[in-house]
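Bear in mind that the values in this text are calculations on the coordinates, not laboratory data. These numbers were taken from a predicted model, which means no experiment stands behind them. All Cβ positions, glycine included, derive from the backbone under ideal geometry; neighbour counts span all protein chains shown.
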Amino acid sequence: MQNTMFESSNDVDRQAVCILDPPITIPASLTMTTFAALHTKNINIPKEIVLEVLQNKKGVIPASLNCPVKINVCEEKGLVSATYYPIHNHHTGFHNTKYQRFKDSTRNLIKSYLLLSFPIVQIQNLIRGNVGFRGHRSFVPSKEAFISRRSIRTYYRRLQNSVRPENDALSVMCNVERLKAEEYNPILLFKPQNSKTLYGPPGLDALLNSDKSFALGIQTETQKEMLIKHSYKIICIDSTHGTNRYGFYLLSIHIQDEYGQGYPVAHFICNYLIYATLVTLFNSLKCRISNLEVHNVMTDDDNVCYTAFNSVFGPNLNHLLGKWHVFRAWNRQLACKVHSNDLRNILRKKTEENFK
């Protein structure tokens, strides 16, 4: 057998770099790693041996098998040498192939497909290739032929935990770009902090707090259709604070659907709820639907939201308050203007009978 020696650096993939027959003796001063052959689903290797390729152990080798196939790898001062024992002492049928490790190129290809949002079934078909086709039934099965959806889902879970950027701003940017690349672009407005408006009307760029302001507006195609269909009834606007550790606001727009239920038709995330910011948010919605028919709008008892919405979709829209805000305003006025507890209790009665 030929003897071949290769120079190896840290960034070079260490594979079969030296094949010697007969085997050489490895000095005790050198670092040695043993790679066992993945010829069966049962694997049992001493713990003291480094096993970078055997992260998923499959079981225990039967005592009667004792297959000698292995590679002894030795490294010293950037020079890598190896001894390869290639002869199996048992049949190596295709049924053992599925217990082998995927090649790096295959794993990288699966991850690339997942990052591009390919369906798992489609990835499985692409990796398997022409397995089972009439013209390829005499092929020798490879590990890729046995890839399962469960394996692909495992890669997906790992990617979900690893590929997201540690920087939240960069993560949001990546998600926005991914959404914009879809068949229907749901992004109404996107203005990152310390940046100009990247998508939508640039009204926020002229504000004094432009550098610190953040705004993101999202509306799906279905939400757009529902808004056009039911906007003539009433538009409900609700803002929620404290939805994340940054203290940003979530501004949601709802309509009443054909069943009388609330249906969300747009969402905005921002860190300021001042008049100028709200006007820009609502303008981004009007840019998407320029001829929206609006007659009534329901908000909380803060007039800023109504004033901004009326300036964009008005004028002279009917302004309504939600039930909760009506009762809060009622109780607030009672506490200020009615000093008798008995009279306050009477005025809080909800039926005419109890009021009398």
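Of note:
- Extension gain from ARG107 to LYS350, taking 0.36 nm per residue of separation minus the Cα-Cα distance: 80.8 nm
- Note on HIS325 and PHE118: with the Förster distance fixed at 45 Å, the Cβ-Cβ geometry gives a FRET efficiency of about 0.45.
- Lys-Lys pairs in the range 157-252 that are eight or more residues apart or on separate chains and whose Cα atoms lie under 23 Å of each other come to 7.
- Modelled FRET efficiency - R0 22 Å, LEU207 with ASN244, Cβ distances, 0.05 increments: 0.50
- For the range 306-353: rounded, prolate or oblate by the Cα gyration tensor [a/c cutoff 1.5]: prolate
- Per-pair calculated FRET efficiency, R0 = 30 Å: HIS295 and ASN185 via Cβ, rounded to 0.05: 0.55
- Exposure proxy ranking, count of Cβ atoms within 10 Å, fewest first, for ILE255, ILE110, ILE234, ILE346: ILE346, ILE234, ILE255, ILE110
- Peptide packing for 221-233, 265-277 was compared via the average number of neighbouring C-beta atoms within 10 Å per residue; ordered from the highest value, the list is 265-277, 221-233.
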